[in-house]
1. Residue 242 versus (1) surrounded by fewer than 16 Cβ atoms within 10 Å (Cβ to Cβ); (2) in contact with a strand residue (DSSP E or B) (Cβ under 6 Å, 6 or more places away or on another chain); (3) assigned to a loop (DSSP other than H, G, I, E, B): which is the lone unmet condition?
2. I'd like the residue in the range 101-126 that is surrounded by fewer than 22 Cβ atoms within 10 Å (Cβ to Cβ) and either on the phi > 0 side of the Ramachandran plot or not in a strand (DSSP E or B) (or both) and, out of all such residues, is modelled with the highest pLDDT.
3. Suppose the filter is assigned to a loop (DSSP other than H, G, I, E, B), touching a residue at least 60 places away in the same chain (Cβ under 8 Å) and either at positive phi or in contact with a helix residue (DSSP H, G or I) (Cβ under 9 Å, 6 or more places away or on another chain) (or both); does residue 196 pass it?
4. List, please: which pairs have Cβ atoms under 6 Å, are six or more places apart or on different chains, and start with a residue in the range 69-88 that is surrounded by 14 or more Cβ atoms within 10 Å (Cβ to Cβ) and end with one that is in a helix (DSSP H, G or I)?
5. Can you say whether residue 51 is without any contact (Cβ under 8 Å) to a residue 40 or more places away in the chain and either over 20 Å from the mean Cα position of the chain (by Cα) or assigned to a loop (DSSP other than H, G, I, E, B) (or both), as far as the supplied structure shows?
6. Can you tell me which of 150, 183 is out of contact with any helix residue (DSSP H, G or I) (no Cβ under 7 Å at 6 or more places or on another chain), surrounded by fewer than 21 Cβ atoms within 10 Å (Cβ to Cβ), at pLDDT 95 or above and not in a helix (DSSP H, G or I)?
7. Confirm whether residue 236 is free of Cβ contacts under 8 Å to residues at least 12 places away in the same chain, part of a helix (DSSP H, G or I) and over 30 Å from residue 121 (Cβ atoms).
8. Tell me, yes or no, whether the range 204-223 has at least one residue that is part of a loop (DSSP other than H, G, I, E, B), closer than 21 Å to residue 95 by Cα and touching a residue at least 40 places away in the same chain (Cβ under 8 Å).
């Protein structure tokens with residue numbers, strides 16, 4: 001694809017436009033998109049119009065843009081995330097019926113945790129993660145599971161830092177974090193009090209497909225049961241997650257065999 005005078009390809013500029021949208025920034029003008037993407041206003045207007053014409057963005061009567069349904073449609077076609085969610089959801093619901101807090105499914109994507117599903121109870125405690133949201137790998141129970149089982153090159157990049165502190169329990173010392181990752185690979189579970197927020201404890205286990213860890217299944221519990229209408233011990237939650245992980249892995253095997 002042709003490059004701009006700055007060296008960016010057209011595809012690169014399109015990705016920058018799409019990446020300006022977030023859970024907090026769902027509707028934008030073309031000028032706002034240009035500022036957020038670091039693009040000239042004329043370029044942002046042209047790209048936004050082209051994307052809207054092809055259904056990847058939607059434009060309202062006030063000429064503001066939001067992500068289009070066609071983008072969602074294309075993303076789901078043949079998606080490995082969709083297959084994983086379909087296998088996992090019934091078993092996540094079983095976990096959620098017992099913990100009645102937050103039950104989450106996450107994958108490793110570009111050295112970050114990407115959450116692809118979440119079930120929450122109306123009275124659940126604090127949790128900053130959201131579907132299609134991201135967190136640093138070192139700063140959540142799901143991320144620690146994924147980092148522990150990631151390729152050595154990924155671990156080395158993450159451990160090289162910076163290791164940002166999100167909560168009082170976030171591990172930010174590379175040597176300590178490396179030891180913790182070794183322990184996680186041995187035990188197969190993470191219990192991380194205060195890793196993301198001081199008021200919560202994350203519990204996570206790995207999900208495997210054909211022997212390879214492809215995702216993390218986790219719950220977020222109120223720390224020490226504070227404010228919980230339905231208190232669940234983290235160790236008991238880990239048992240529930242392991243049971244669900246085994247069932248999900250069996251579903252994935254059946255789906256693979258049926259192809």
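The values are calculated or read from the model by the stated rules, or taken from the named source; none is laboratory data. Here the structure is a predicted model, which is why all the values come from computation and not from measurement. Note that each Cβ is placed from the backbone with ideal geometry, even for glycine, and that neighbours are counted across all protein chains shown.
1. (3)
2. Taking the candidates together, the pick is 111.
3. yes
4. Filtered contacts from the range 69-88: 87/248; 87/251; 87/252; 88/248.
5. yes
6. After applying the criteria, what remains is 150.
7. Criteria not met by residue 236.
8. The answer is no, given that none of the residues of the range 204-223 is part of a loop (DSSP other than H, G, I, E, B), closer than 21 Å to residue 95 by Cα and touching a residue at least 40 places away in the same chain (Cβ under 8 Å).
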